[in-house]
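Here the structure is laid out as structure tokens; the discussion comes afterwards.
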Amino acid sequence: MAQFWWGGNNKKHHWIRWKKLCRPKEEGGLGIRDLKALELAFSCKLWWKVTQTDCLWTKFMRTKYWRKGDMVSHLIDSPVWKRISRIAEKAHNLCYHNDDGSFSWADDPQGLFSLKSAYEYCRIPSNAAASFKVYDDWLTRMQLLPTFKKEVKVGIVKWTAPPKGRLKLNVDASYTPTCQRGAGILRDEQGSFIGAASFRLSCNSSFQAEVQAAIDALTWALLIHKKIILEMDALEVIRRISNFTHLVASPFPIGILSRLVFDNGIEVSHVLRE
């Protein structure tokens, strides 16, 4: 494919790798579909059909290959079933569970499968932007994005110590189109310095930078102490964490952060930027 693009039958220099050409235009590519990612997306579609529909083909595949609810493929199984079994875990992570045991596609307000979102998830993004884009698009369609009124408050802003036995982790991030960094600092109930760390981020907005910085900082802090209070000035991130109940095992960064908070009993608090 690259030979065809750059020179046909003549050998010419490939100025840009084929993988870069297959990136979306907003990531510096030409928007050409990556065939490997497209094949995985169609495998997700097969998985969705065999798990969520009840057509004749689905009944045949379930009867012949779905052994006691186990999707693990065997040597004698058909190539189609092997494709489905290989993609099962990845496709499962793009769904959330309903009370009746069924799945709903996370990127659609009606819970229906979308080949476009499956492709975005299966391709390898040049940075973390694609994961945020899929999740934020879904929140927008579900009308779950919060809106805030501007409030003017005057008061004293100061650091407050954590309870005895806990450490407070203050996290912040800096975002520009050319440089994204995050940092965290740990202090005890006396205000004594415990440790600090900085992280190189890969994102395309200040919100994404705050989320990724919190993930990296929490992962680092939990290696030092298990009882952590996370404090940050990103109010929207905190509100999304507190309202994060609609997805299970989410592959999106805000879902990863929320699961990290809930699984480790992390208390989250807001502090003004000042």
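The values are calculated or read from the model by the stated rules, or taken from the named source; none is laboratory data. Quick caveat: nothing in here was measured; it's all calculated off a predicted structure. Don't worry about glycine lacking a Cβ; one is built from the backbone with ideal geometry, like all the others, and counts go over all protein chains shown.
Condition (residue is at pLDDT below 70 and closer than 26 Å to G255 by Cα) applied to the range 17-35: is it met by at least one residue?
First pass over the range 17-35, keeping only residues at pLDDT below 70: none.
So far as the range 17-35 goes, no, none of its residues is at pLDDT below 70 and closer than 26 Å to G255 by Cα.
Under the condition of being farther than 27 Å from S104 by Cβ and either in contact with a Phe, Trp or Tyr (Cβ under 6 Å, 6 or more places away or on another chain) or of a type in the set (D, E) (or both), the residues counted in the range 17-70 number 2. With respect to being among the basic types (K, R) and either in contact with a His (Cβ under 6 Å, 6 or more places away or on another chain) or in contact (Cβ under 8 Å) with a residue 24 or more places away in the chain (or both), K59 falls outside the description. Taking residues in the range 186-205 that are over 16 Å from W220 (Cα atoms), and partners anywhere that are polar (S, T, N, Q) and not in a loop (DSSP other than H, G, I, E, B), the pairs with Cβ atoms closer than 8 Å and at least 6 places apart or on different chains are S202/Q180; S202/Q212; C203/Q180; C203/Q212.
If you go through the range 129-140 one residue at a time, do you hit one that is outside the structural domain of E210 (by the TED database), assigned to a loop (DSSP other than H, G, I, E, B) and either in contact with a Cys (Cβ under 7 Å, 6 or more places away or on another chain) or modelled with pLDDT of 75 or more (or both)?
Taking the range 129-140 as the starting set, the residues that turn out to be outside the structural domain of E210 (by the TED database) are 129-140.
Those left that are additionally assigned to a loop (DSSP other than H, G, I, E, B): none.
There is no residue in the range 129-140 that is outside the structural domain of E210 (by the TED database), assigned to a loop (DSSP other than H, G, I, E, B) and either in contact with a Cys (Cβ under 7 Å, 6 or more places away or on another chain) or modelled with pLDDT of 75 or more (or both).
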